[in-house]
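Taking it in order: structure first as structure tokens, then the write-up.
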Amino acid sequence: MTEAAVHAALCWSTIGCAILVLAVLCLVTAPYGRHSRGGWGPTIGATPGWILMEAPAPLGMALLFALGEARSAPVIACLVLFEAHYLHRAFVFPWRRRGAGRPVPLVIVAFGFVFNCLNAYLNGRWLFHLAPPLGATWLLDPRFLGGAGLFILGLAVNLHADEVLRRLRPAGADGYAVPRGGLFRFVSSPNYLGEIVEWSGWALLTWSLPGAAFAVSTVANLGPRALAHHAWYRRTFPDYPAERKALIPFVL
């Protein structure tokens, strides 16, 4: 069996697993952050756990680029967008977030580590070796332009929402409050909405099966998390804005 065939099988398996994860997470809320609870085995500090979980994505993508063959402008653009998200997510965000002292179960970190290793391989190997050559004209293709626009929009939403959440607590403080401003006027989890928009844009701009697998996996992981956050806010704060939705403004 060729690597291309194995790669495609892994992409479809990832999509299948994402559908299963979606079903499970609609029934069981992942036990970290505000949903932390005992009974999930050994734990690790949130900051080192987050770095360990996320670092394989930017490091793996950079390594695959170095080992790959494609060096066209569209490929470089894809690499820059991917790294713009993950270098911040892996090495900046963990040190800036409030409440970083909470432990996270090692099993959650392990799942994230494995997914990011696999995802970096699927997308990096495709872009830098297995994909048909992407010439400079791809930069003007509506799929690339639309996808890049969605990616940048989603990244901006994600970063702004993270900053709003960070400013809710003074340095060294713990606890939660109702976030306000930006897209928090409309949804409880604009940070998750931003990530979903980002990786949907990624699927469009790469026009690839691994890109689609990543987008589906993002929805499967963050969609139920947003619903759980929304329910938690409503239980915890009696005056929580009634008009605010969980993830999609005016809809869900």
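Quickly run through segment 152-168 and pick out the residues that are among the aliphatic types (A, V, I, L, M) and modelled with pLDDT of 90 or more.
Pass one, segment 152-168, residues among the aliphatic types (A, V, I, L, M): 152-153, 155-157, 159, 161, 164-165, 168.
Passing the criteria: 152, 153, 155, 156, 157, 159, 161, 164.
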Quiz item: Which condition does residue 110 not pass, out of (1) under 18 Å from residue 202 (Cα atoms); (2) without any contact (Cβ under 8 Å) to a residue 24 or more places away in the chain, if it passes all the others?
Solution: (1)
Quiz item: What is the one condition in (1) assigned to a helix (DSSP H, G or I); (2) at pLDDT below 95 that residue 99 does not satisfy?
Solution: (1)
Quiz item: Which of the residues spanning segment 36-52 are surrounded by 13 or more Cβ atoms within 10 Å (Cβ to Cβ) and in contact with a helix residue (DSSP H, G or I) (Cβ under 9 Å, 6 or more places away or on another chain)?
Solution: 40, 43, 44, 46, 47, 48, 49, 50, 51, 52
Quiz item: Is it the case that segment 186-206 has a residue that's over 30 Å from residue 10 (Cα atoms), surrounded by fewer than 22 Cβ atoms within 10 Å (Cβ to Cβ) and of a type outside the set (Lys, Arg)?
Solution: yes
Exercise. Within segment 1-30, work out how many residues are without any contact (Cβ under 8 Å) to a residue 24 or more places away in the chain and farther than 19 Å from residue 114 by Cα.
Key: 6
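Of everything in segment 114-125, what is of a type in the set (A, V, I, L, M, F, W, C) and buried (at least 18 other Cβ atoms within 10 Å of the Cβ)? Give them in sequence order.
Keep residues of segment 114-125 that are of a type in the set (A, V, I, L, M, F, W, C), which gives 114-115, 117-118, 120, 122.
Selection gives 115, 118, 120, 122.
Mind telling me which of the residues 87, 20 ends up being loosely packed, with under 13 Cβ neighbours inside 10 Å, part of a helix (DSSP H, G or I) and at negative phi? Please lay out each step first, then the result.
On the way: 87 fails: loosely packed, with under 13 Cβ neighbours inside 10 Å.
Unique residue meeting the criteria: 20.
Within segment 165-172, does at least one residue satisfy the condition of being assigned to a helix (DSSP H, G or I) and in contact with a helix residue (DSSP H, G or I) (Cβ under 9 Å, 6 or more places away or on another chain)? Talk me through it step by step, then tell me what you get.
Applying the first criterion (assigned to a helix (DSSP H, G or I)) to segment 165-172 yields 165-167.
Restricting the remaining residues to those that are in contact with a helix residue (DSSP H, G or I) (Cβ under 9 Å, 6 or more places away or on another chain) gives 165-166.
Within segment 165-172, one or more residues are assigned to a helix (DSSP H, G or I) and in contact with a helix residue (DSSP H, G or I) (Cβ under 9 Å, 6 or more places away or on another chain).
Name the residue, out of 66, 73, 55, 136, that is small (Gly, Ala, Ser) and surrounded by 15 or more Cβ atoms within 10 Å (Cβ to Cβ).
55
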Quiz item: Listed residues 205, 193, 153, 140; which is in contact with a helix residue (DSSP H, G or I) (Cβ under 9 Å, 6 or more places away or on another chain), over 27 Å from residue 230 (Cα atoms) and not charged (D, E, K, R)?
Solution: 205
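So which residues in segment 117-140 are farther than 24 Å from residue 8 by Cα and either in a loop (DSSP other than H, G, I, E, B) or in contact (Cβ under 8 Å) with a residue 60 or more places away in the chain (or both)? So that I can check it myself, show each step before the final result.
Restricting attention to segment 117-140, the residues satisfying the condition of being farther than 24 Å from residue 8 by Cα are 136-137, 139-140.
The answer is 136, 139.
Between 128, 151, 93, which is over 29 Å from residue 249 (Cα atoms), surrounded by 19 or more Cβ atoms within 10 Å (Cβ to Cβ) and touching an Asp or Glu at 6+ places or on another chain (Cβ under 8 Å)? Don't jump to the end; show me each part of the working.
On the way: 151 fails: over 29 Å from residue 249 (Cα atoms); 93 fails: over 29 Å from residue 249 (Cα atoms).
Result of the check over 128, 151, 93: 128.
Can you name the residue in segment 40-65 that is assigned to a helix (DSSP H, G or I) and among the aromatic types (Phe, Trp, Tyr) and, of all such residues, is farthest from the chain's Cα centre (by Cα)? So that I can check it myself, show each step before the final result.
Within segment 40-65, the first condition is being assigned to a helix (DSSP H, G or I), and the residues that meet it are 46-54, 56-65.
If we keep only those that are among the aromatic types (Phe, Trp, Tyr) too, we end up with 50, 65.
Working: 50: 12, 65: 21 Å.
Result: 65.
The values are calculated or read from the model by the stated rules, or taken from the named source; none is laboratory data. Since the structure is predicted, the reported quantities are computational estimates derived from the model, not experimental observations. A quick note on method: Cβ atoms are made from the backbone with ideal geometry, for glycine too, and the neighbour counts reach across all protein chains shown.
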